[in-house]
């Protein structure tokens, strides 16, 4: 049994090597090593006839064993303990052009970090569509890459109509995104928000300066790989929008893709090329760990 307390209230719960292993995987130990270490710790507790152990003592055992394996992993584990025990919610923002995989990565990162709340910016936009009529704001009633079709008047000069519409679209939906972030921070709810409307330069800097609010931009530099993602998504049985809608507008989508990259570089935001899901999620977790707690001030007991 594990003994602990929450807000002064004591509780007991069964020891689970599966739960322990998952926390070790989050610390980037690797699944095989994580389950092997969790099993080893379980066997040592059984050999010592330990029927009750405090969370603090169990964590220290884990840290000591991890130090033998890799001190850097031990530090990451301690940092993740700090994150999990923090009263501040973790807000993860994942942006990228249509088709680069923001929804898939959002699902994976939420699962990896045991975050129960996830929302897409398309859902936020849909709510805004119900509130704001097409006559009042025709832009948000278009797709992000065809938003220019809803603009009544283009700016003077010779602007790129696709990017002009996209910027207007993002700026409008950003109001709803910041509302969700503000509410999550106020209520202490960890959440992953993903979608094309998460663009560096539009989210308030006061929010992004918080160590528990992290923004990522995903990209795919290979155009053929990007195009093939739409073919793969089109084969999914739950796909509602015709494949042709994306392929017919692929050049416009690539314009928004390159714009997001430029914004990421301009605002020094974390940009990740999403070729491999596992690597992308691992890179995100490492970045969150380093931003959230740093790892230079972690002290280990001997």
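Taken together, the values in this text are just the output of simple stated rules run on the coordinates, not laboratory data. Bear in mind the structure is a predicted one, so any value in this text is a computation, not a measurement. FYI the Cβ positions are ideal-geometry reconstructions off the backbone, even for glycines, and counts take in every protein chain you see.
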(request) Determine the gain in length on full extension of the stretch residue 211-residue 135; use 0.36 nm per residue of separation and subtract their C-alpha separation, reporting nm with one decimal. (result) 23.4 nm
(message) Once the cut-off is 20 Å, how many percent of the Cα-Cα pairs in region 131-270 end up in the long-distance tail?
(response) 55
(request) Report, in whole Å, the centroid distance computed from the Cα atoms of region 85-158 and region 183-211. (result) 12
(request) Evaluate E = 1/(1 + (r/R0)^6) for residue 164 and residue 85, where r is the Cβ-Cβ distance and R0 equals 45 Å; express this FRET efficiency to the nearest 0.05. (result) 0.45
(message) Stokes-Einstein diffusion coefficient for region 116-167 at 25 °C in a medium of 0.890 mPa s, Rh from the Kirkwood formula over Cα pairs: what value in µm²/s?
(response) 205
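Based on other C-beta atoms within 10 Å, arrange 123, 118, 284 from fewest to most.
Values: 123 14, 118 19, 284 22.
In increasing order of surrounding Cβ atoms, one gets 123, 118, 284.
Highest mean first, what order results for 58-67, 138-147 on Cβ atoms within 10 Å?
Packing proxy ranking, top to bottom: 138-147, 58-67.
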(request) Write down the percent of antiparallel bridges among all DSSP beta bridges whose residues are both part of the chain, to the nearest 5. (result) 20
(message) Just to confirm my numbers, what's the Cα centroid distance between region 249-270 and region 45-62 in Å?
(response) 50
(message) Over the chain, with a Gaussian network built from C-alpha contacts below 10 Å, which listed residue (108, 273, 187) shows the highest mean-square fluctuation?
(response) 187
(request) Largest first and in whole Å, give the semi-axes of region 3-159's equivalent ellipsoid, each being the square root of 5 times a Cα gyration tensor eigenvalue. (result) 49, 18, 13
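Grab the DSSP H runs of the chain that are 4 residues or longer, score each as -39,500 (n - 2.57), total them, divide by all residues and round the 222 nm result to the nearest 500 deg cm²/dmol. Please report the intermediate quantities before stating the final value.
Details: 12 runs with 160 residues, N = 302.
Result for the chain: -17000 deg cm²/dmol, rounded to the nearest 500.
Using Cβ contacts closer than 10 Å as the measure, can you line up 243, 113, 45 from fewest to most?
Working: 243 13, 113 19, 45 16.
Fewest-to-most ranking of 243, 113, 45: 243, 45, 113.
Determine the shape class of the chain: with a ≥ b ≥ c the square roots of the Cα gyration tensor eigenvalues, call it rounded for a/c under 1.5, and otherwise prolate if a/b is greater than b/c, oblate otherwise. Spell out each step's value before the answer.
On the way: a/c = 2.50, a/b = 2.16, b/c = 1.16.
Prolate.
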